[in-house]
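Below is one structure, written out as structure tokens; comments come after it.
The values are calculated or read from the model by the stated rules, or taken from the named source; none is laboratory data. It should be emphasised that the depicted structure is a prediction, and the values quoted were computed from it without experimental measurement. Here Cβ is always computed from backbone atoms with ideal geometry, including for glycine, and neighbour counts include all displayed protein chains. Keep in mind that these areas ignore ligands, DNA and RNA; they rest on the heavy atoms of the full protein, side chains included. Shrake-Rupley method; radii C 1.70, N 1.55, O 1.52, S 1.80 Å.
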Amino acid sequence: MKGKAYIVGAGPGDPDLITIKALKILKKADVVIYDRLIPLKVLDYCKNDCELIYAGKSPGKHEMEQEEINEIIVKKAMEGKKVVRLKGGDPYIFGRGEEECYYVISHGIDCEVVPGIPSFIGASVYSGIPLTNRKLSSSFSVITGREAEEKRSKTVKVEEIAKSSDTIVIMMGVSTLKENLEKIANVRGYDESCAIVMNATTEMQKVVTGSIKEVLDNYDKLSLENPAIIIVGKTIKMRDNLWKKS
């Protein structure tokens with residue numbers, strides 16, 4: 001008898017930000033295949049006999065290739081098990097959750113997707129930087145800073161986005177930070193505000209703010225690291241009034 005697969009978003013890093021539905025599913029799981037950026041504390045909710053499989057990915061280092069992850073989900077579900085693929089943030093926002101769900105369903109296995117709070121939302125709120133504001137920002141765009149190598153052409157037109165969206169959010173963008181900030185500055189000028197939120201919503205959260213010029217001039221001194229969310233826009237100036245350390 002076939003089991004069932006669940007593609008589950010664990011939220012942005014703070015274990016308290018996972019959804020109630022996600023926790024209910026975790027408690028019943030026979031197998032959990034989890035990513036590098038999930039809050040490890042949520043694994044405490046799993047059954048004692050739950051099989052935990054680490055499938056973390058970091059820049060330049062993958063414990064498993066995507067094809068292998070897909071196959072494991074199907075294999076375990078074919079054994080009649082409840083399989084949870086636990087992913088950081090939301091599984092459908094640059095998380096390949098849709099690829100995994102498609103693969104599972106194509107093999108005749110039921111698959112349920114559970115959304116999670118996206119990492120960029122966590123970074124925005126926990127750093128006191130709203131993405132919209134009725135006076136400063138009526139729109140925002142979320143883009144990847146690292147497009148898939150197999151794509152034939154680049155589709156992220158940073159300059160065009162800088163013209164059309166008030167606030168720009170760049171995910172997975174540390175390695176291309178200089179390049180993308182230069183493109184934005186060519187449209188908006190080097191005085192435009194920029195923020196980099198690292199390890200958002202966790203105890204290790206660190207926020208760097210300044211103009212694009214200040215960030216570029218001090219790039220080598222900033223000790224930037226992944227995971228990081230980059231935000232560009234005028235709402236960054238609201239941070240001092242919206243975020244206070246306890």
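Given the conditions (1) in contact with a Ser or Thr (Cβ under 7 Å, 6 or more places away or on another chain); (2) among the aliphatic types (A, V, I, L, M); (3) loosely packed, with under 15 Cβ neighbours inside 10 Å, and given that I161 satisfies all but one, which numbered condition is not satisfied?
(3)
When residues of region 1-11 are filtered for being open to solvent by 20 Å² or more (accessible area, probe 1.4 Å) and touching a Gly at 6+ places or on another chain (Cβ under 9 Å), how many remain?
Number satisfying all stated conditions: 2.
Quick check on region 60-83. Is at least one of its residues among the acidic types (D, E) and under 20 Å from K28 (Cβ atoms)?
Scanning region 60-83, I find at least one residue that is among the acidic types (D, E) and under 20 Å from K28 (Cβ atoms), so the answer is yes.
Can you tell me which residue among T132, T167 is farther than 23 Å from L86 by Cα, open to solvent by 50 Å² or more (accessible area, probe 1.4 Å) and polar (S, T, N, Q)?
Of T132, T167, the one residue that is farther than 23 Å from L86 by Cα, open to solvent by 50 Å² or more (accessible area, probe 1.4 Å) and polar (S, T, N, Q) is T132.
Just need a number here: residues in region 60-83 that are at pLDDT below 95, outside any helix (DSSP H, G or I) and open to solvent by less than 80 Å² (accessible area, probe 1.4 Å).
Matching residues across region 60-83 total 1.
Out of curiosity, is I121 of a type in the set (V, I, T), in a helix (DSSP H, G or I) and in contact (Cβ under 8 Å) with a residue 60 or more places away in the chain?
yes
Which of the residues spanning region 14-54 are within 15 Å of I117 (Cα to Cα) and of a type in the set (A, V, I, L, M, F, W, C)?
L17, I18, I20, A22, L23, L37, I38, V42 - these are the residues of region 14-54 that are within 15 Å of I117 (Cα to Cα) and of a type in the set (A, V, I, L, M, F, W, C).
Mind listing just one residue for me: the one in region 170-210 that is of a type in the set (G, A, S) and farther than 23 Å from K157 by Cβ and, of those, surrounded by the fewest Cβ atoms within 10 Å (Cβ to Cβ)?
Result: G210.
Starting from residues that are open to solvent by less than 70 Å² (accessible area, probe 1.4 Å) and β-branched (V, I, T), keep the ones in region 84-110 and report whichever is nearest to E67 (Cα to Cα).
Top of the filtered list is V104.
Filter region 28-52 down to residues that are of a type in the set (F, W, Y), touching a Lys or Arg at 6+ places or on another chain (Cβ under 7 Å) and open to solvent by less than 70 Å² (accessible area, probe 1.4 Å), then give me how many there are.
Result for region 28-52: 0.
Quick one: I25 ticks every box in (1) buried (at least 16 other Cβ atoms within 10 Å of the Cβ); (2) without any contact (Cβ under 8 Å) to a residue 40 or more places away in the chain bar one, so which box is it?
Checking I25 against (1) buried (at least 16 other Cβ atoms within 10 Å of the Cβ); (2) without any contact (Cβ under 8 Å) to a residue 40 or more places away in the chain, the one that fails is (2).
If we scan region 117-140, do we find a residue that is more than 30 Å from W243 (Cα to Cα) and at pLDDT 95 or above?
no
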